[in-house]
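Read through the structure below, which is laid out as structure tokens, and then see the notes.
The values are calculated or read from the model by the stated rules, or taken from the named source; none is laboratory data. This is a predicted model, so every value here is computed, not measured. When we count neighbours, we look across all protein chains shown, and the Cβ atoms used for this are built from the backbone with ideal geometry, even at glycine. Note: areas computed on protein heavy atoms with side chains; ligands, DNA, RNA excluded. Shrake-Rupley method; radii C 1.70, N 1.55, O 1.52, S 1.80 Å.
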Amino acid sequence: MINIALPKGRLGEKVYATFEKAGYECPSIKENNRKLIFENPEKGVRYFWVKPSDVSIYVERGAADIGVCGKDILNEYLPDVYELLDLKTGICSMAVAAKKGFHDDGETTLKVATKFVRATKAFYAKKGRDIDVIKLNGSIELAPILGLSDVIVDIVETGTTLKENDLEVIEKVFPISARLIANKASFKFKTKEIEKLTEEVGKLID
Ligand code: PRP
């Protein structure tokens, strides 16, 4: 049995549809209820719906053998897992944004609001830019509008949130897409099963 952690929400549903097509269906997952675990012993799969930012925790600690999570989470928490496949979905990017017309004078400490503290620090350290990181948990776009920060480092998908709040992208930090990840011990003990699943799912990705 392969234990699979899927991110709850639209991305997870899309990824499940691919797994289903690849031959790892689990019909009970489509029942409209609030259950979180579904299994199909015939296909050797057990799926869990997990909060997206928690998938890498389940996989790293072996509660799930494999899982699907965004590159943003992998870059932030650096979990000790194998990255098996770029699923080329859930595509967006990590970007620096600010109020329209903002110019970084490069002199005073730059105030940066973000959920992604590690990735932000690493990005600015590489440039040698001195920053003051303000950790927020959501609605990051509010920070520069209210003067809490100069810029934000956040996920941009369609750009609508920025546009509707008179903000704009200044710089891209890194591209993001969903990745298939595996627990290292599980990969050792279930190599054949996990490699087969990776191969079958991989065939459906362009
Ligand atoms: C994310 C991100 C942006 C928004 C970007 O927020 O933090 O706010 O999506 O999407 P867009 O470019 O298509 O407008 P999320 O919905 O995850 O919630 P959050 O504000 O709580 O982080």
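In table form, for the structure just shown:
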{"read-out": "Accessible area in square angstrom per residue, the chain, 1.4 angstrom probe", "value": "55 Å²"}
{"read-out": "Alpha-carbon centroids, segment 172-197 and segment 117-160: separation in whole Å", "value": "29 Å"}
{"read-out": "Segment 96-135 residues near the modelled Asp166 label - backbone nitrogen below 19 Å, point 7 Å along Cα→Cβ", "value": "97-104"}
{"read-out": "10 Å Cβ shell holding at most 13 others, DSSP loop, trypsin sites (Lys or Arg not before Pro): longest site-free stretch of the chain", "value": "130-206"}
{"read-out": "Separation of the Lys192 and Asp54 label points, Cα + 7 Å toward Cβ, nm", "value": "3.4 nm"}
{"read-out": "The chain: relative contact order as a whole-number percent, Cα under 8 Å and 6+ apart", "value": "28 percent"}
{"read-out": "Farthest positive-ward along the chain dipole, Cα basis, beta-carbon charges - from Leu204, Thr89, Ser149", "value": "Leu204"}
{"read-out": "Fluctuation leader among Thr108, Thr120, Thr18 - the chain, Gaussian network, Cα springs under 10 angstrom", "value": "Thr108"}
{"read-out": "Label-to-label distance, nm, for residues given as Asp80 and Phe174 (7 Å Cα→Cβ offset)", "value": "1.9 nm"}
{"read-out": "DSSP loop GluC sites (Glu not before Pro) with at most 12 other Cβ within 10 Å: longest gap in the chain", "value": "43-106"}
{"read-out": "Gain in span if fully extended, Ile145 to Lys99, counting 0.36 nm per residue against the direct Cα distance", "value": "15.9 nm"}
{"read-out": "Spatial extent of segment 9-49: Rg and Dmax, with the Cα atoms as the point set, Å", "value": "9.6, 26"}
{"read-out": "Antiparallel %, DSSP beta bridges [both residues in the chain], to 5", "value": "65 percent"}
{"read-out": "Cα pair distances of segment 29-161 binned at 10 Å [whole percent]", "value": "10, 33, 29, 18, 8, 2, 0"}
{"read-out": "Calculated Rg and Dmax of segment 77-117 using C-alpha coordinates, Å", "value": "16.0, 42"}
{"read-out": "Solvent-accessible area, 1.4 Å probe, carbon plus sulfur percent, for segment 37-131", "value": "49 percent"}
{"read-out": "Solvent-accessible surface (1.4 angstrom probe) belonging to Thr160, in square angstrom, nearest 10", "value": "60 Å²"}
